[in-house]
1. Roughly how many nanometres apart are two label points built 7 Å out from the Cα toward the Cβ at A:D66 and F:D66?
2. Rounded if a/c is under 1.5, else prolate if a/b beats b/c, else oblate: with a ≥ b ≥ c from the C-alpha gyration tensor eigenvalues square-rooted, which is the protein assembly as shown?
3. Name the trypsin sites (Lys or Arg not before Pro) in the stretch C:32-85 that are in a loop by DSSP and that have at most 15 other C-beta atoms within 10 Å, would you?
4. I want to check the label-to-label distance for B:K40 and A:S19. Put each point 7 Å from Cα in the C-beta direction and report it in nm to one decimal.
5. I'd like the orientation of helix A:9-18 relative to chain A: the angle between its Cα long axis and the longest Cα principal axis, in ° from 0 to 90, rounded to 10.
6. Leaving out same-chain residues fewer than 8 places away, which lysines sit with a Cα under 24 Å from that of E:K33?
7. Taking Cα pairs under 8 Å and at least six residues apart, what relative contact order does the stretch B:5-146 come out at, in percent?
8. Please list, in chain and number order, the residues 5+ apart from C:V132 or on another chain whose amide H is under 5 Å from its amide H, with Hs placed from the backbone.
Number of protein chains: 6
Amino acid sequence: MSLNKDRRIGRHAILLLLSDHPAEQLKKLEQSKWKGCIGKVGSMDAHKVVAAIETAAKKNGIVRSDVYREMHALYHAIIEALHGITRGQVQIGSILRTVGLSFAVLRGNPYDNELEGDWVAVALYGTIGAPVKGSEHETIGLGINHI
Amino acid sequence: MSLNKDRRIGRHAILLLLSDHPAEQLKKLEQSKWKGCIGKVGSMDAHKVVAAIETAAKKNGIVRSDVYREMHALYHAIIEALHGITRGQVQIGSILRTVGLSFAVLRGNPYDNELEGDWVAVALYGTIGAPVKGSEHETIGLGINHI
Amino acid sequence: MSLNKDRRIGRHAILLLLSDHPAEQLKKLEQSKWKGCIGKVGSMDAHKVVAAIETAAKKNGIVRSDVYREMHALYHAIIEALHGITRGQVQIGSILRTVGLSFAVLRGNPYDNELEGDWVAVALYGTIGAPVKGSEHETIGLGINHI
Amino acid sequence: MSLNKDRRIGRHAILLLLSDHPAEQLKKLEQSKWKGCIGKVGSMDAHKVVAAIETAAKKNGIVRSDVYREMHALYHAIIEALHGITRGQVQIGSILRTVGLSFAVLRGNPYDNELEGDWVAVALYGTIGAPVKGSEHETIGLGINHI
Amino acid sequence: MSLNKDRRIGRHAILLLLSDHPAEQLKKLEQSKWKGCIGKVGSMDAHKVVAAIETAAKKNGIVRSDVYREMHALYHAIIEALHGITRGQVQIGSILRTVGLSFAVLRGNPYDNELEGDWVAVALYGTIGAPVKGSEHETIGLGINHI
Amino acid sequence: MSLNKDRRIGRHAILLLLSDHPAEQLKKLEQSKWKGCIGKVGSMDAHKVVAAIETAAKKNGIVRSDVYREMHALYHAIIEALHGITRGQVQIGSILRTVGLSFAVLRGNPYDNELEGDWVAVALYGTIGAPVKGSEHETIGLGINHI
């Protein structure tokens, strides 16, 4: 039931996000049986961040949009990642702040046991701050769920 | 007032945490005017996680323990990082889960403008789960504050 | 000071909500000195859920709209019920989800002691999920307050 | 992808909990391909509530304790149900209150589509209040997750 | 239904708390049909803060301990006041901080309309910080409820 | 490192807010090396409350808008004060309530030790309630941060 050291899905997702060459990095992961995608979203609306990640994950075949359990797993992973981004209230513009984020979604089995099946990791990295250029600091979030 | 691309304190702190050679990595950072330290803590008590990070930061001279504003800055950065770890309620054992975490604390000025002075980043990475070996997944948190 | 087994206001409110014949069920309750009303509301705005319940309770004479203490008691019971519905952040559309709810409001004294006076129960039952048909699961909430 | 009207897992779990004859009710559900169990727990410690439900679900074969994804699904369903019980902070004794709860765990597929696989519902019903006999009111919670 | 300018219960409670002569101040309030009490509590346990205030309010006849609706009203006012004190998570020692608080409880009708009946205000003022002398700043909280 | 009894910044900020002659009171404070400002804001949008306080603090020279660390310190003090106002969810209109607030921002060193430098206190006092005249009660909040 242990996490496989080489298949730590959260670590892979974050390193992908922080990579200088994310597209190449993603290709390598895809060769090791991971499915994944990356993207960017900037917004004062939390629901737009959720939508951007859901859309990218569906378009890239990470999750099946016609199977609710897959969308449900992804949704909760996104909201958990947003907790790390927002640190207290999952609110952005409604408390006068804005985010500029890169995101990575990764799917695969991080455990030794095949019965564990697929899991999904949503990693977010970027800035949060006042809606004034430069008035911002970095922020990160990671959500992981069984799928 | 912009974030300096080479001095993104949060990114540095997380990469340090995920590095295969954190001690060497930390040395390099220290040569570029950053102060930093790394450590590990596993617990079911959130207050022990806070204490472990505070103690390491004080011992390594990252913050001055006799200046409350420095401890106050660090404390809030730790609690913000714990939001990413716990994703909802800053509780561990009280809702029957446990964490095994590595932490990195980094101090320096991530902005172009010298007036911005020092900031502190607290990065946490590890696992969270049931108090049963293997019943856990990864988790990450980042807190950033002016000091 | 004990709860009267036959007058458990929360249990009555939920059974009313889940009943196949809520109108008849409500009539029976009204014959036993309870005041109550039922209704439906679907929305992505939490404030519209609050408004729908408040309006129904006022129109049906469950609370007096000209006595703030009654509206205050009802409001907090509604918000408490919404905690069960939303499980973490009292937000709906702002984190890209929608609800379709039935509600029941019940008023009366659930205790043996007459001094306990009236209490109000707000029960909510329905679905929560993505704004896509079928991408949803059930949800329930109950708020109880002295009035 | 729709919820099947006859297989609303949350509704079944709550009615089971509020039933005057829960054991018989549970038997009927088990004849319709549901797995389920019921139990009771009273405590000032949230972690004991979590443990009691997890133990009952494992003992009764509702979840497999050697497959983390099953325990992970159950854990989050429990915590979500506790949000309805605690309405704000998932804390009991630490803010001087106590709970006396019945719980029901139900597992099965509530959707028309077989691809949706199994889901788990955790329903909680009982009282919450001061640690003084009678100083309490009812409370309810429901958590639902894909498994 | 308006708040009476001279009978703003929250303002009275806070001024009582910040007064240099609280005992005299309290006497004056008691001559204007208010019931009230003041006290002090220092702790790392939120439940001890709750208990200290409840005990003082009962002993001084502000609330009747044999009428649950009165204790229920007071409890929620205390928890609301603790939100102002803790600003995010109603936790003290569990996230390694401590409080030293003065409290005031006041009961009476702050509205022009007699039908509004009695309300209760719980005001808290003091310091919060690390369990190290001097590593603390001020904090305040106010909870108001109909009784 | 102790708080100086005469320089309790939070106490000063709240007394300023509750004063019958706030302008005169503010002048006295300014003669004792405090910087401060007062203002009013009524809204159903939390972000408008934040904006009103930020704008007043910038216009009155309490904080420098071109130094992010100052804006960052102020922002977090405002959000902390809003926790006292909203007591649970930092939401106003989105859960159908409205606020009418006075605010005071004060800057200076409340500690004996000069090394503690400047801190900022944001105090809020007013009413919260339904968007119906008179259906409201008082509310207070205080946020304190190093600057």
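1. 6.0
2. On the way: a/c = 1.71, a/b = 1.00, b/c = 1.71.
It comes out oblate by the Cα gyration axes.
3. Hits after loop and neighbour filter: C:K33, C:R64.
4. Modelled inter-label distance: 2.7 nm.
5. Here the helix axis deviates by roughly 50 degrees.
6. Cα-Cα hits under 24 Å: E:K5, E:K58, E:K59.
7. Numbers: 278 pairs, mean separation 42.1, N = 142.
The normalised contact order for the stretch B:5-146 reaches 30 percent.
8. Answer set, sorted by chain and number: none.
The values are calculated or read from the model by the stated rules, or taken from the named source; none is laboratory data. Not measured: the values here are computed from a predicted model. All Cβ positions, even for glycine, are placed from backbone atoms using ideal geometry, and neighbour counts span all protein chains on display. Protein only, heavy atoms only, side chains kept; ligands, DNA and RNA dropped before computing areas. Shrake-Rupley method; radii C 1.70, N 1.55, O 1.52, S 1.80 Å.
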